[in-house]
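Here's the structure, in structure tokens; my notes come after.
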Ligand SMILES: [Fe+2]
């Protein structure tokens, strides 16, 4: 069995390469888009076939290479169900298994808290913890739907209950550490060792960290497996003729087409009638930077990727029988979000055709 731990020096991200020397199956965990050539040459050198490209969560500090790897190698992408990345091939739940090689398997352990969809991956004698647990630390919980109480429960109840000697391979390290163990973290991690849940929440609430530089680029892109929405749609459009029909539903365009077939889409005129009635909840599902740059009056903001985890608990959006109108920039993300809501039991959901761009054009004209 081949195992490599690769460091992206720009974001201090660890990527893990696992491969079976006999069958040539390979798996990558948390690949970074700028290192795509390194991964492709690793695969080529050993004549490996990438089977899965797996994410521990939607990253805020770097863009994933998963979408590119899927395009270039045919690998299947996978990420936690609550990450809001419908275009990934596999939506992971606690207890799911990846099988590769002769008899290798990676089991999925849901470890929410850093983000609602964060997962850790257990393979042989080691656990890949993403940003749930670092060596002597843990991922932050102050954005992307983070929740310190939930992170404490994930780490103490799920990770710290693994065998003591389990090796801990984190998603990042900023101090030059490479590997730790469960007993080492349980007994010496300054944020968690001997701390109560309340003490941990207090520590996390007082961190006061700066916003990651890449967050406005990385989070929206990573929700499309690391490809910008426009770019992803262009790739899908140009490749439609030559992709295997079985893969028609794969990728970004597949997910969007599928959503549009299943939800109600309305034009601007109907949207205005709905809004004038005063009974429609208007929901902006773009990212925060787009919302802050301008939005339709009275719109509530929930980014598409957070709809699954937030919509039912927000008092403004928890009524499943109310009427909702969703918009994004052009009508693609809002179609995905509308389907998410529909699947959660919301009965009157529609997506605005043309999105904010069409609405702005209309406002300017009149
Ligand atoms: Fe993260």
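Taken together, the values in this text are just the output of simple stated rules run on the coordinates, not laboratory data. Quick caveat: nothing in here was measured; it's all calculated off a predicted structure. For neighbour counting, all protein chains shown are included, and Cβ atoms are generated from backbone atoms with ideal geometry for every residue, glycine included.
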Point to revise | Relative intensity, log₁₀ I(q)/I(0), of region 104-227 from a Debye sum that treats every alpha carbon as a point, q = 0.11, 0.12, 0.17 Å⁻¹ | key: -0.36, -0.43, -0.87
**Study point:** Alpha carbon centroid spacing (whole Å) that separates region 72-145 from region 152-189
**Key:** 15
Exercise for review: Sticking with the crude label model, points 7 Å out along Cα→Cβ, report the distance from residue 270 to residue 45 in nm, one decimal please.
Suggested key: 5.6
Revision key, fill the gap. In terms of the alpha carbon gyration tensor, root eigenvalues a ≥ b ≥ c, rounded if a/c is under 1.5 and otherwise prolate when a/b exceeds b/c or oblate, region 1-79 is prolate
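Is the chain rounded, prolate or oblate when judged by the Cα gyration tensor, a ≥ b ≥ c being the square roots of its eigenvalues, rounded requiring a/c under 1.5 and prolate requiring a/b larger than b/c?
Here the chain falls in the oblate category.
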Point to revise | Gyration tensor (alpha-carbon) shape descriptor, region 2-220, a/c threshold 1.5 | key: prolate
Review point. Using alpha carbons only, how many degrees (0 to 90, rounded to 10) separate the axis of helix 36-46 from the longest principal axis of the chain?
Key: 50
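So if each residue of separation counts as 0.36 nm, and I subtract the Cα-Cα distance between residue 320 and residue 72, what length gain in nm does that give? Walk me through the numbers on the way to the answer.
Numbers: separation 248, 0.36 × 248 = 89.28 nm, distance 4.13 nm.
Length difference between fully extended and current span is 85.2 nm.
Antiparallel as a % of all DSSP beta bridges within the chain, to the nearest 5?
So the antiparallel bridges amount to about 50 percent of the total.
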Check your understanding: For a label point 7 angstrom out from the Cα of residue 298 toward its Cβ, which stretches of region 317-355 have the backbone nitrogen within less than 16 Å?
Key -> 317, 322-327
Practice item. Sort 114, 59 so the one with the fewest other Cβ atoms within 10 Å of its own Cβ comes first. Key: 59, 114
**Study point:** Helix-only CD estimate at 222 nm, as mean residue ellipticity for the chain, using -39500 (n - 2.57) per DSSP H run (n ≥ 4)
**Key:** -9000 deg cm²/dmol
Point to revise | Separation between Cα centres of region 1-64 and region 257-295, rounded to whole Å | key: 38
**Study point:** Ascending count of other beta-carbon atoms within 10 Å, so fewest first, for 118, 154, 314
**Key:** 314, 154, 118
Study note, to complete from the structure: Taking a label point 7 Å from the Cα of residue 107 along Cα-to-Cβ, the residues of region 154-196 whose backbone nitrogen sits under 11 Å from it are 162-163
